[in-house]
1. Residues Cys55, Cys82: which one is part of a helix (DSSP H, G or I) and over 20 Å from Thr24 (Cα atoms)?
2. What number of residues within the stretch 14-51 satisfy the criterion of being modelled with pLDDT under 80 and within 18 Å of Cys82 (Cβ to Cβ)?
Amino acid sequence: RKDRAKHKRVEALLQGRAWVDERTTDNCMCCHRAFNVFNRKHHCRFCGAVVCAGCSKFRMDQMRTYADGAQRPKRVRACVKCFSRDGGSKSK
């Protein structure tokens, strides 16, 4: 799990955005609901904000570079603010 989290932070930095450290926030950065066992933390893959599941139920295409060097879009988690600003399609 630590390696996966580290990989995500490195990927975010390489793409020019820094993720908010999830240890520094106790509330959703969109709706301000408190996080707990049932309301878990998620990162928006576009702005790096720490948000709840309700505020991150959207998916948008993000270009990714794969091991073979090809660039293809991948559907990734987006917060309600990025989704409403940039558009996309809601997950089902």
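1. The unique qualifying residue is Cys82.
2. Residues flagged as modelled with pLDDT under 80 and within 18 Å of Cys82 (Cβ to Cβ) within the stretch 14-51 amount to 4.
Quick grid of which residues meet (1) over 19 Å from Val20 (Cβ atoms); (2) open to solvent by 70 Å² or more (accessible area, probe 1.4 Å); (3) in contact (Cβ under 8 Å) with a residue 12 or more places away in the chain; (4) within 9 Å of the chain's Cα centre (by Cα):
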site: Asn36; (1), (2), (3), (4): no, yes, no, no
site: Phe46; (1), (2), (3), (4): no, no, yes, yes
site: Gly54; (1), (2), (3), (4): no, no, yes, no
site: Arg64; (1), (2), (3), (4): yes, no, no, no
site: Gly69; (1), (2), (3), (4): yes, no, no, no
site: Val76; (1), (2), (3), (4): no, no, yes, yes
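The values are calculated or read from the model by the stated rules, or taken from the named source; none is laboratory data. Computed from a predicted model, the values in this text were never measured in an experiment. Please note: Cβ atoms are built from the backbone with ideal geometry, for glycine as well, and neighbour counts cover all protein chains shown. What goes into the accessible areas is simple: the full protein's heavy atoms, side chains included, and nothing from ligands, DNA or RNA. Shrake-Rupley method; radii C 1.70, N 1.55, O 1.52, S 1.80 Å.
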